[in-house]
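Trainee: Can you read through this structure? Questions will come right after.
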Amino acid sequence: MNKIYIASDHAGFSLKEFIKKKLNKEISIDDLGPITDKNSVDYPDYAHQLCKKVSKKNTNIGILVCGSGMGMSMAANRHKNIRAALCYSVKNTKLSRLHNNANIITLGSRLINKNTALKCIEAFMKTKFEGGRHIKRVKKI
C-alpha cells in the first residue's frame with residue numbers, strides 16, 4: 001500500500017481517533033478530518049474528499065467511519081474506481097479484498113467495537129486481491 005487516508009463524521013470521530021492512535025505506531029495515516037466531534041458535520045463531504053485522494057493511485061486505501069458505516073459507504077461508492085466495503089467482521093473484510101478488490105473500508109462506530117474494528121483494518125491491509133475470475137466481475141462495477 002502506498003498511502004492510507006482516514007476520515008469520519010462527528011459520530012465516527014472517537015473510533016477514528018482510536019484507530020489513528022493504534023496504527024500510527026506502525027504506519028503513517030493521513031487524517032482528512034474532522035478535527036473535533038464538537039460540531040455536527042456531513043459525512044458525504046469527508047467521504048468525497050477521501051475518495052479523491054484514494055482514486056489518485058491504485059495502491060492507496062481509505063478508512064471511513066460514521067455511525068453506521070452505511071452513509072460513508074454509499075457516498076464513497078458514487079466515485080469512479082472506488083470500491084468501499086462496509087465491514088463488521090474479519091471474514092467479510094477479507095472477502096471484500098479477495099473478491100471485490102475493495103480500496104476503502106467503512107466502519108460503523110455505533111455497531112462495531114474498537115478491537116473488532118482494528119482487526120478488520122489489519123485484515124483489510126494484509127489481504128490482497130485474488131484476481132482471476134474476480135477481475136471481470138470487478139470491472140463490471
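Trainee: Would you check which residues across segment 109-128 are under 11 Å from the mean Cα position of the chain (by Cα) and in contact (Cβ under 8 Å) with a residue 60 or more places away in the chain and list them?
Mentor: Filtering segment 109-128 for residues under 11 Å from the mean Cα position of the chain (by Cα) gives 117, 120-121, 124-125.
Passing the criteria: A117, I121, F124, M125.
Trainee: So which of S14, S73, S68 is in a helix (DSSP H, G or I), among the hydroxyl-bearing types (S, T, Y) and surrounded by 16 or more Cβ atoms within 10 Å (Cβ to Cβ)?
Mentor: Numbers: S14 fails: surrounded by 16 or more Cβ atoms within 10 Å (Cβ to Cβ); S68 fails: in a helix (DSSP H, G or I).
Just one listed residue meets the conditions, S73.
Trainee: Tally the residues that are within 16 Å of C66 (Cβ to Cβ) and assigned to a helix (DSSP H, G or I), restricting the search to segment 21-52.
Mentor: Matching residues across segment 21-52 total 9.
Values quoted throughout were computed directly from the atomic coordinates according to the rules given, and no laboratory measurement underlies them. This is a predicted model, so every value here is computed, not measured. Quick reminder, even Gly has a Cβ in these numbers, built from the backbone with ideal geometry, and neighbours come from all protein chains shown.
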